[in-house]
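What follows is a short report on a single structure.
The values are calculated or read from the model by the stated rules, or taken from the named source; none is laboratory data. Source: prediction; values computed, not measured. So basically every Cβ, Gly included, is an ideal-geometry build from the backbone, and we count neighbours across all protein chains shown.
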Amino acid sequence: MDEFDEHEPPPRRSWGCLKGCLGAVLLVVLFAGAAIGFTAWRIYESFRDDPELTAIVDVARADARVNTALGGRFTVMEIEHRSFPLKSGKQAQAYRLVLIGANGQSTLDVRLEPAGGGPRIATMTLTGPDGHPVWLKGGAPNPWMRPN
């Protein structure tokens, strides 16, 4: 008689840890993606409700020079925000927005200073895709830099 019994099933194929390891990697990737997506959404939501930022974007959208430089409609791709004290004890704020339009990428530097009814735009400078600055409001100094 043979070593194998005629009624015994053939040995099963074993995948070893392949299925388990792939499942674990898939779970880690899903959780990491969810965490990154949630963080990006929270950042977007916090800036979307910022009245100063909303006012800055509204002023930029209404300015023909911005629309000409960017080729019409644009999207805000990146936002940086800084606050710094003034000699009066109040806070000034600076924003740098990276804008993307049909003509390419530009940066919009805005400095807000305290005023009676809330912050007002003191300077607004657009550096277009060609690298040339356009002073939309205020003088030529870069508002992103801290004053001396």
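Working only within the range 63-106, note down all residues that are among the aromatic types (F, W, Y) and at pLDDT below 85. The answer is F84, and nothing else. Which residue pairs have Cβ atoms under 9 Å apart, sit 6 or more places apart or on different chains, and have a first residue in the range 109-136 that is assigned by TED's automatic domain parsing to the domain that holds V59 and on the phi > 0 side of the Ramachandran plot and a second that is charged (D, E, K, R) and surrounded by 13 or more Cβ atoms within 10 Å (Cβ to Cβ)? Close Cβ pairs (under 9 Å, with a partner that is charged (D, E, K, R) and surrounded by 13 or more Cβ atoms within 10 Å (Cβ to Cβ)) amount to G118/E52. Number of residues in the range 57-102 that are more than 21 Å from A40 (Cα to Cα) and either in the same structural domain as A40 (by TED's automatic domain parsing) or part of a helix (DSSP H, G or I) (or both): the value is 12.
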